[in-house]
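The values are calculated or read from the model by the stated rules, or taken from the named source; none is laboratory data. Worth saying up front: this structure is predicted, and the values here are computed from it rather than measured. Every residue, glycine as well, gets a Cβ built from its backbone with ideal geometry; the counts of neighbours run over all protein chains shown.
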Amino acid sequence: MKYLDEYRDARIARALAAKIARFVTRPWVLMEICGGQTHTLMRYGIASLLPPEIELVHGPGCPVCVTPLEMVDKAIALASRPDVTLVSYGDMLRVPGSATDLWHAKAAGGDVRVVYSPLDALEIARREPARQVVFFAIGFETTAPPHAMAVCQAHREGLANFALLVSHVLVPPAMRALLLSPRNRVQGLIAPGHVCTVTGVRDYEALCTEFHMPIVVGGFEPVDLLEAIELLVTQLERGRAAVEIQYSRSVRETGNLSAQTLVRDVFEICDRKWRGIGSIPQSGLRLREKYAAHDAERLFALEEISAPEPPECIAAEVLQGWKKPPDCSAFGLGCTPENPMGAPMVSSEGACAAYYRYQRPRSLNSAPLGAAAGKG
Amino acid sequence: MNAKKLECVQEVPREQEDAPAVPSLDALSCPLPLPAGKTILLGHGSGGRLSGDLVRQLFLPAFRSPALARLDDQAIVRINGVRLAFTTDSFVVKPLFFPGGSIGSLAVHGTVNDLAMGGAQPLFLSVAFILEEGLPMETLARVIESMRRAAEEAGVEIVTGDTKVVEKGSGDGLFINTTGIGLVPEGVLLSANRARPGDFILASGTLGDHGIAILALREGLLFESSIESDSAALHTLVSAMLRAASAPSLPSQALRCLRDPTRGGLSSALNEIAASSGVGMELEEASIPIREEVRGACELLGLDPLYVANEGKLIAIAAPEAAQPVLAAMRAHPLGRNAQIIGRVTDAQPGLVTLRTTLGTSRIVDMLAGDQLPRIC
Amino acid sequence: MCLAIPGKILDSVQENGVRSGRVQFGGIVRNVCLDWVPEARVGDYVLVHVGFAISTVDAEEAGRTYEVLEQMGALADEGLVPEGSAEPS
């Protein structure tokens, strides 16, 4: 597949890794923000190609992980209503709320449906006018334009039975909060390539200036990430701090202007609570007043359920890069993808799940199984 | 009867634990109580870890049968000196008709294949229908015709059956259960607990075709060349493989185990065998055959083809000396043209299936909890 | 986040004020909204996220930057060490 396979080339990947190894002279802590990038790093075992001086920590770039507990609970509450069809991306289905998750809600009789695109949710609303269709609109800036388009179309068609339950978050304010923390160890950032495809890089230039931090906008394939790391290490070793675009085949400095315009028309910035991190001002999106008719929060009297996070779960520390999943006492023991304690273990993009699935310490599987007796 | 034959009847049941042992959440005083295990979930039917849990925690202790405890695709029992293979399967696929087949042909192929994975010559099937009130008669007729054709091509006879009708709203239109019996020749010993370090892992062809064909219908994906379900009866392929593996120059029972990777895909099949045999496995990503269309669909939806269902493919574990002859026999058969050696059984980390990526790095091929879901992240 | 993959535009139509088209991803084809890539033509590649094209792949830029990577790979193959490091773009 063009523009995909080339960026999985083993020879180039190894050459980049070798180059990084030759150039690095001291330890550096780098963070990749996007869950999709975390997924690639784990799935391809990239860490094993890098010299020991490079430490990769995983940031809060998983919208599933950062969707507040209350929001998941609201979605579940809606799904449990007999007149509501709750439509969601697959990612959200197993994220634990305070008591249960959407998957269990579906088992209990809730009308929960999984789609690939918000336009599919719109189609459900058109075809089933008796159903109140609520789309669980989670995501970062990349997914905001598609959600905006869905709302616009619903509005234009006068589709009264289509609404969004919005839980959008913005990356730069979260990164700023993270970098301001006295516990921050990150020295270089790999910025999310698809978010920046939509938003452009201006907010990252501001971060770079404020924190004198090198930032490279990276893609999602192994070669992309290795090249982004190589560019970061080069800057760090030279004491530079600038924003570079590694993913230049997709990212333009200004981003996608028509998508941005649509988002501004439909959404406005608001404060948002990030699961595991807390409330970050001006870090989320909500529907504008003129689209109130399609805002599930306004349409349904949803209780403000306030649920404390379980103390065992160190998701907050993992999401902000202070700890790694294997540092957690519950990792792989009480907390596994089948029995997750927090969102990062459920979401396929969550750091904990990715670690567990692809790279968990082999000692977690050390019990000998099926004794040799009886083998023919 | 010699000791080996006795094994077929009364295999001492061993712990079918797959790893790792998980302490209960209560023990850790986890304040996040997920009601895991209170109700049946869709995931319990997906062939992954949840399905396995259901079998181990509920069915095995209740039914207490050594044959059952081996957890192969079929049970091999001995009656009056004859080795009978016996299997049952239920089919709940939606949509009922798809490129390459229907729920009917799937039912026939699935049961024939479960018998074939035990080395049996499939002979007779029963078929039981659960029909939803209001199902068009024409739909049922099409399904029956599809079954008839599949059974005829496979050389099996449908000899008995049953029909029940449930109220509108209680079923998905049509469910089918098929039960099959066949005869296993003496000396054929195929079981999930027989894999040994050094053995080769073979796949009979491209993986993920069936699951993607079904998903494509639901997602409105069009294929340039039409992707069809690979649903097929594999028993003649198995016969050819057994013949090749029984060449006099080869050690006895050089073909250790066969599995058809249906729900849960390649990953579930291999993880089960690894757990059952107490061995590790290492796969070679570059060797795993996957069609371009399947790859494209998986990339788009964020799915891993190793977890996607197949209905006309098998995985074989073969002794090192037998790998090439068996591979040749597979490739000579119409259903095995794209057969490949995809990995080896190891003694490192028993129960763990790993993969050497195209970059030369390593990762785990984990057992999924439930169904694989498309993702946007 | 943001799984977006590159696909080739096969055709494009304007319907109800919205531009959409069939896009091919390695052998499968899906309908994609092309409203935010007005410059993209049939035969161009676009990055698609949840059924929407969010950018046109800059073929020239991709070619240029990939050539550098390929050379790096080739040199590494031959056991030759590239001089210093590439100029950050």
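Being within 11 Å of chain A (Cβ to nearest Cβ), farther than 24 Å from residue B:237 by Cα, surrounded by fewer than 23 Cβ atoms within 10 Å (Cβ to Cβ) and touching a residue at least 60 places away in the same chain (Cβ under 8 Å) is true for just one of B:363, B:356. Which residue is that?
Working: B:363 fails: touching a residue at least 60 places away in the same chain (Cβ under 8 Å).
It is B:356.
With respect to the numbered conditions (1) at pLDDT below 90; (2) assigned to a loop (DSSP other than H, G, I, E, B); (3) not basic (Lys, Arg), which one is the sole condition not fulfilled by residue B:57?
Against the list (1) at pLDDT below 90; (2) assigned to a loop (DSSP other than H, G, I, E, B); (3) not basic (Lys, Arg), residue B:57 comes up short only on (2).
Quick one: what pairs do we get from segment A:179-195, first residue farther than 30 Å from residue C:57 by Cβ, second outside any strand (DSSP E or B) and modelled with pLDDT of 95 or more, C-beta under 6 Å, 6+ apart or different chains?
Close Cβ pairs (under 6 Å, with a partner that is outside any strand (DSSP E or B) and modelled with pLDDT of 95 or more) amount to A:179/A:211.
Any residue at all in segment A:270-280 that is under 23 Å from residue A:208 (Cα atoms) and touching a Phe, Trp or Tyr at 6+ places or on another chain (Cβ under 7 Å)?
Yes - at least one qualifying residue is present in segment A:270-280.
Specify the residue that is nearest to residue A:190 (Cα to Cα); the eligible residues are those in segment A:35-62 that are part of a helix (DSSP H, G or I) and β-branched (Val, Ile, Thr). Step through it out loud before you land on a result.
The first filter runs over segment A:35-62 and keeps only residues part of a helix (DSSP H, G or I), leaving A:35-43, A:46-49.
From what's left, β-branched (Val, Ile, Thr): A:38, A:40, A:46.
On the way: A:38: 11, A:40: 13, A:46: 14 Å.
For segment A:35-62, the residue satisfying everything is A:38.
Identify, by number, the condition in (1) more than 23 Å from residue B:217 (Cα to Cα); (2) under 23 Å from the mean Cα position of the chain (by Cα) that residue A:48 doesn't meet.
If we test residue A:48 against (1) more than 23 Å from residue B:217 (Cα to Cα); (2) under 23 Å from the mean Cα position of the chain (by Cα), just (2) comes out false.
Looking at (1) within 24 Å of residue A:193 (Cα to Cα); (2) at pLDDT below 95, can you tell me which one residue C:15 breaks?
Only one criterion in (1) within 24 Å of residue A:193 (Cα to Cα); (2) at pLDDT below 95 is unmet by residue C:15, namely (1).
If you take the residues in segment A:126-147 that are more than 10 Å from every other protein chain (Cβ to nearest Cβ) and surrounded by 24 or more Cβ atoms within 10 Å (Cβ to Cβ), which one is nearest to residue A:200 (Cα to Cα)?
Per the stated criteria, the residue is A:144.
Does residue C:61 count as farther than 24 Å from residue B:301 by Cβ, within 11 Å of the chain's Cα centre (by Cα) and either at the interface with chain A (Cβ under 7 Å from one of its Cβ atoms) or not hydroxyl-bearing (Ser, Thr, Tyr) (or both)? Show your work before the answer.
Numbers: farther than 24 Å from residue B:301 by Cβ: yes; within 11 Å of the chain's Cα centre (by Cα): yes; either at the interface with chain A (Cβ under 7 Å from one of its Cβ atoms) or not hydroxyl-bearing (Ser, Thr, Tyr) (or both): yes.
Answer is yes for this residue.
Does segment A:122-141 hold any residues that are touching a Leu at 6+ places or on another chain (Cβ under 9 Å) and closer than 22 Å to residue A:168 by Cβ, and which are they? Show your work before the answer.
Pass one, segment A:122-141, residues touching a Leu at 6+ places or on another chain (Cβ under 9 Å): A:122, A:125-126, A:129, A:132-138, A:140-141.
The answer is A:122, A:125, A:132, A:133, A:134, A:135, A:136, A:137, A:138, A:140, A:141.
Look at segment A:282-301 and say how many of its residues are within 29 Å of residue A:176 (Cβ to Cβ), modelled with pLDDT under 95 and more than 26 Å from the chain's Cα centre (by Cα).
Of the residues in segment A:282-301, 0 are within 29 Å of residue A:176 (Cβ to Cβ), modelled with pLDDT under 95 and more than 26 Å from the chain's Cα centre (by Cα).
Looking at segment B:79-89, is at least one residue surrounded by fewer than 24 Cβ atoms within 10 Å (Cβ to Cβ) and within 18 Å of residue B:146 (Cα to Cα)? If you could, list the steps in order and put the result at the bottom.
We begin by selecting, within segment B:79-89, every residue surrounded by fewer than 24 Cβ atoms within 10 Å (Cβ to Cβ); these are B:79-84, B:86, B:88-89.
Next, from what is left, pick out any that are within 18 Å of residue B:146 (Cα to Cα): B:89.
So far as segment B:79-89 goes, yes, one or more of its residues are surrounded by fewer than 24 Cβ atoms within 10 Å (Cβ to Cβ) and within 18 Å of residue B:146 (Cα to Cα).
Scan segment A:241-265 for residues that are more than 8 Å from chain C (Cβ to nearest Cβ), outside any helix (DSSP H, G or I) and charged (D, E, K, R) and report the count.
Within segment A:241-265, residues that are more than 8 Å from chain C (Cβ to nearest Cβ), outside any helix (DSSP H, G or I) and charged (D, E, K, R) number 1.
Evaluate segment B:40-50: report whether one residue or more is assigned to a strand (DSSP E or B), touching a helix residue (DSSP H, G or I) at 6+ places or on another chain (Cβ under 9 Å), within 14 Å of chain A (Cβ to nearest Cβ) and modelled with pLDDT of 75 or more. If you could, list the steps in order and put the result at the bottom.
Step one: filter segment B:40-50 for residues assigned to a strand (DSSP E or B), giving none.
Looking for residues that are assigned to a strand (DSSP E or B), touching a helix residue (DSSP H, G or I) at 6+ places or on another chain (Cβ under 9 Å), within 14 Å of chain A (Cβ to nearest Cβ) and modelled with pLDDT of 75 or more, one finds none in segment B:40-50, hence no.
Checking the condition more than 26 Å from residue B:350 (Cα to Cα) and surrounded by fewer than 22 Cβ atoms within 10 Å (Cβ to Cβ), which residue from B:311, B:285, B:293, B:299 passes? Full working, then the answer.
Values: B:311 fails: surrounded by fewer than 22 Cβ atoms within 10 Å (Cβ to Cβ); B:285 fails: more than 26 Å from residue B:350 (Cα to Cα); B:293 fails: surrounded by fewer than 22 Cβ atoms within 10 Å (Cβ to Cβ).
From the options B:311, B:285, B:293, B:299, the qualifying one is B:299.
Here is a yes/no grid of residues against (1) surrounded by fewer than 24 Cβ atoms within 10 Å (Cβ to Cβ); (2) within 14 Å of chain B (Cβ to nearest Cβ); (3) of a type in the set (Lys, Arg); (4) more than 26 Å from residue B:357 (Cβ to Cβ):
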residue	(1), (2), (3), (4)
A:5	yes, yes, no, no
A:22	yes, no, yes, no
A:26	yes, no, yes, yes
A:31	no, no, no, no
A:37	no, yes, no, no
A:47	yes, yes, no, no
A:59	no, yes, no, no
A:73	yes, yes, no, yes
A:86	no, no, no, yes
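Only one of these conditions is not met by residue A:133: (1) out of contact with any Ser or Thr (no Cβ under 6 Å at 6 or more places or on another chain); (2) within 28 Å of residue C:33 (Cβ to Cβ). Which number is it?
With respect to (1) out of contact with any Ser or Thr (no Cβ under 6 Å at 6 or more places or on another chain); (2) within 28 Å of residue C:33 (Cβ to Cβ), residue A:133 is out only on (1).
Of all strands (runs of 3 or more DSSP E) completely enclosed by segment A:109-228, which ones contain at least 1 residues that are in contact with a His (Cβ under 8 Å, 6 or more places away or on another chain)?
On the way: elements: A:111-114, A:132-139, A:162-169, A:188-192, A:215-218.
Fully inside segment A:109-228 and qualifying: A:132-139, A:162-169.
Residue A:65 versus (1) within 11 Å of chain B (Cβ to nearest Cβ); (2) more than 18 Å from the chain's Cα centre (by Cα); (3) touching a residue at least 60 places away in the same chain (Cβ under 8 Å); (4) not in a loop (DSSP other than H, G, I, E, B): which is the lone unmet condition?
Checking residue A:65 against (1) within 11 Å of chain B (Cβ to nearest Cβ); (2) more than 18 Å from the chain's Cα centre (by Cα); (3) touching a residue at least 60 places away in the same chain (Cβ under 8 Å); (4) not in a loop (DSSP other than H, G, I, E, B), the one that fails is (2).
Output the residues belonging to segment C:1-55 that are free of Cβ contacts under 8 Å to residues at least 24 places away in the same chain, assigned to a loop (DSSP other than H, G, I, E, B) and surrounded by fewer than 21 Cβ atoms within 10 Å (Cβ to Cβ).
C:16, C:17, C:27, C:35, C:38, C:39
Taking segment C:9-29 on its own, how many of its residues are touching a Gly at 6+ places or on another chain (Cβ under 7 Å) and at the interface with another protein chain (Cβ under 9 Å from one of its Cβ atoms)?
Total meeting the criteria: 5.
Residue B:62 fails exactly one of the following numbered conditions: (1) buried (at least 18 other Cβ atoms within 10 Å of the Cβ); (2) in a helix (DSSP H, G or I). What is the number of that condition?
Result: residue B:62 passes all but (1).
Could you please let me know if residue A:162 is away from chain C (no Cβ under 11 Å), surrounded by fewer than 22 Cβ atoms within 10 Å (Cβ to Cβ) and at pLDDT 95 or above?
Values: away from chain C (no Cβ under 11 Å): yes; surrounded by fewer than 22 Cβ atoms within 10 Å (Cβ to Cβ): no; at pLDDT 95 or above: yes.
So residue A:162 does not fit the description; no.
Considering only segment B:261-346, give the strands (runs of 3 or more DSSP E) lying wholly within it that have at least 2 residues that are over 19 Å from residue B:110 (Cβ atoms) and out of contact with any helix residue (DSSP H, G or I) (no Cβ under 7 Å at 6 or more places or on another chain). Break it down into steps so the answer makes sense when it comes.
Numbers: elements: B:280-284, B:315-318, B:340-346.
Strands (runs of 3 or more DSSP E) meeting the threshold: B:280-284, B:340-346.
Checking the condition in contact (Cβ under 8 Å) with a residue 60 or more places away in the chain, assigned to a helix (DSSP H, G or I) and not hydrophobic (A, V, I, L, M, F, W, C), which residue from A:317, A:297, A:303 passes?
Numbers: A:317 fails: in contact (Cβ under 8 Å) with a residue 60 or more places away in the chain; A:303 fails: assigned to a helix (DSSP H, G or I).
Exactly one of A:317, A:297, A:303 is in contact (Cβ under 8 Å) with a residue 60 or more places away in the chain, assigned to a helix (DSSP H, G or I) and not hydrophobic (A, V, I, L, M, F, W, C), namely A:297.
Just one of (1) in a loop (DSSP other than H, G, I, E, B); (2) under 24 Å from residue A:314 (Cβ atoms); (3) more than 12 Å from every other protein chain (Cβ to nearest Cβ); (4) not aliphatic (A, V, I, L, M) trips up residue A:94, so point out which.
Looking at each condition in turn, residue A:94 falls short on (3).
Being modelled with pLDDT of 90 or more and of a type in the set (Ser, Thr, Tyr) is the filter here; which residues of segment A:59-106 pass it?
Within segment A:59-106, A:80, A:85, A:88, A:89 qualify.
One line per residue, one yes/no per condition, for (1) of a type in the set (Gly, Ala, Ser); (2) modelled with pLDDT of 95 or more:
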position	(1), (2)
A:154	yes, yes
A:169	no, no
A:178	no, no
A:189	no, yes
A:206	yes, yes
A:213	no, yes
A:224	no, yes
